[in-house]
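Undergrad: Pasting a structure here, questions to come.
The values are calculated or read from the model by the stated rules, or taken from the named source; none is laboratory data. All values derive from a computational prediction rather than experimental measurement. Virtual Cβ from ideal backbone geometry, glycine too; neighbours counted across all protein chains shown. Areas reflect the complete protein model, heavy atoms only, side chains present, ligands, DNA and RNA absent. Shrake-Rupley method; radii C 1.70, N 1.55, O 1.52, S 1.80 Å.
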Amino acid sequence: MKIAVFSTKSYDQEYFEKNNKHYNFQFSFFETALNIHTVNLTKGFDVVCVFVNDTIDKKTILALSANGIKLVALRCAGFNNVDLEAIKNNNLKVVRVPAYSPEAVAEYAIALILTLNRKTHKAYNRVREGNFSLKNLIGFNLHNKTVGVIGTGKIGASFCKILKGFGCRIIAFDIYKNEDLLSLGVEYMQLNQVFKQADILSLHCPLNEGTKHVVNKRSIASMKDGVMIINTSRGALVNTVDVIEGLINKKIGYLGIDVYEQEENLFFEDLSEHIIQDEHILRLMSFPNVLITSHQAFFTKEAMDEITMTTLENINLFKNNDMLNNEVK
Ligand code: NAI
């Protein structure tokens, strides 16, 4: 099996090579993302392995098919960047890593909440410069606060369990109720009620037509004044322009994002010597109560092992014509 791995960073290569010993697949690692402009690189390969910001749209799929690619192996859980209808029409298959470490993302969402609230990132810099003042570092207790969770799948459920330890009241919206969480005391309610009652709102649902821009001008207007919004799921769950407006008029008290709607032009790259052209991210970066990270919630040793091992096993099942447990249809 000849596998072209796109959007590769040194750590991807390290973990693939470490876990490939058992399989002996032939990898070629490309730093570039896979899209219509780079699809010619896939000639001569059997499989492409891609990540969150590769664009597997209709045109790319037609070219992949013409190049003889039979399998798209996503090394992530979300598959919003793949045109599944075009995949089906061209007899390709898609596999993903449905659950590699929900705890990695859930714990990271907690890290964003605690950092934004208790301002440890600011305190760290202050103390390094000999500034021991507490001015403007005041936070609030998480104990007894109401946290709204949208999407209580694997990550959302792990997040709720951690929050329970902080003594939070947890309210949630999902199209399916999670029985475990009900017995933990999580209260399911209508989405508009979650928006209305939450002191902290955290997004853990996938991006699809029903969830795109779920945080928008209207939903923000219904939230509590000073609400904290956390997004570790997908950038387009949030309407960036509306959130900027909510921050300017102080309706939103804190924003923590690990994902961003236009992240494919920015995230995972060192752009420190470039002039950033994206006006929205620059505006977001200017707020003292906004914390932005570059899609790193998944990034733990355990998750990297799980991601590469599951991806290798997905490809192995395909190679052996076995049933694909993790196929996306
Ligand atoms: P999951 O599939 O276990 O859970 C998703 C939940 O969202 C399900 O319970 C589903 O019923 C619910 N849902 C679907 N449509 C909904 C809607 N319209 N409103 C409310 N809930 C809805 O997925 P998992 O593993 O918990 O991941 C959630 C998302 O987290 C992924 O789709 C991905 O976008 C994101 N993610 C982000 C990572 C990062 O590094 N920042 C890493 C991994 C995942």
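Undergrad: Out of everything in region 164-194 that is within 19 Å of residue 232 (Cβ to Cβ) and touching a Lys or Arg at 6+ places or on another chain (Cβ under 9 Å), what residue ends up being nearest to the ligand (Cβ to nearest atom)? Quick ask: steps written out before the conclusion?
TA: First pass over region 164-194, keeping only residues within 19 Å of residue 232 (Cβ to Cβ): 164-166, 168, 170-174, 178, 181, 186, 191, 194.
Subset that is touching a Lys or Arg at 6+ places or on another chain (Cβ under 9 Å): 166, 168, 170, 181, 186.
On the way: 166: 20, 168: 19, 170: 15, 181: 10, 186: 12 Å.
Checked region 164-194; the qualifying residue nearest to the ligand (Cβ to nearest atom) is 181.
Undergrad: Determine the pairs where a residue that is more than 12 Å from residue 71 (Cβ to Cβ), located within region 36-59, has a partner that is among the hydroxyl-bearing types (Ser, Thr, Tyr) and not in a loop (DSSP other than H, G, I, E, B) with Cβ atoms under 8 Å apart, the partner being 6 or more residues away or on another chain.
TA: From region 36-59, the pairs are 36/60; 39/60.
Undergrad: Under 6 Å between Cβ atoms, at least 6 apart or on separate chains: pull out the pairs that start in region 113-126 with a residue that is under 17 Å from residue 202 (Cβ atoms) and end on any residue that is open to solvent by 80 Å² or more (accessible area, probe 1.4 Å) and part of a loop (DSSP other than H, G, I, E, B).
TA: Between residues of region 113-126 that are under 17 Å from residue 202 (Cβ atoms) and residues that are open to solvent by 80 Å² or more (accessible area, probe 1.4 Å) and part of a loop (DSSP other than H, G, I, E, B), there is no close pair.
Undergrad: Quick one: in region 102-149, which of the residues that are β-branched (Val, Ile, Thr) and within 30 Å of residue 213 (Cβ to Cβ) is nearest to the chain's Cα centre (by Cα)?
TA: Here is the first cut: in region 102-149, the ones β-branched (Val, Ile, Thr) are 105, 110, 113, 115, 120, 127, 138, 146-147, 149.
Filter once more, keeping what is within 30 Å of residue 213 (Cβ to Cβ): 105, 110, 113, 115, 146-147, 149.
Values: 105: 8, 110: 14, 113: 16, 115: 18, 146: 23, 147: 19, 149: 15 Å.
Only one residue fits best here, namely 105.
Undergrad: Determine which member of the set 227, 215 is more than 15 Å from the ligand (Cβ to nearest atom) and either open to solvent by less than 40 Å² (accessible area, probe 1.4 Å) or among the aliphatic types (A, V, I, L, M) (or both). Steps first, answer last, please.
TA: Values: 215 fails: more than 15 Å from the ligand (Cβ to nearest atom).
Residue meeting the stated conditions: 227.
Undergrad: Show the residue pairs meeting these rules: Cβ distance below 8 Å; 6+ apart or different chains; first residue within region 1-22 and charged (D, E, K, R); second residue open to solvent by 70 Å² or more (accessible area, probe 1.4 Å).
TA: Sorted first by the residue in region 1-22, then by its partner, the pairs are 2/26; 9/31.
Undergrad: For region 111-130, check the following and say yes or no: at least one residue is in a loop (DSSP other than H, G, I, E, B) and within 16 Å of the ligand (Cβ to nearest atom). Walk me through it before giving the result.
TA: Step one: filter region 111-130 for residues in a loop (DSSP other than H, G, I, E, B), giving 119, 129-130.
Then keep just the ones that are within 16 Å of the ligand (Cβ to nearest atom); that gives none.
No, every residue in region 111-130 fails to be in a loop (DSSP other than H, G, I, E, B) and within 16 Å of the ligand (Cβ to nearest atom).
Undergrad: Are there any pairs, at least 6 apart or on different chains, whose C-beta atoms fall under 9 Å, with the first in region 305-329 and of a type in the set (S, T, N, Q) and the second loosely packed, with under 15 Cβ neighbours inside 10 Å and part of a strand (DSSP E or B), and if so, which?
TA: From residues that are of a type in the set (S, T, N, Q), the pairs are 314/327.
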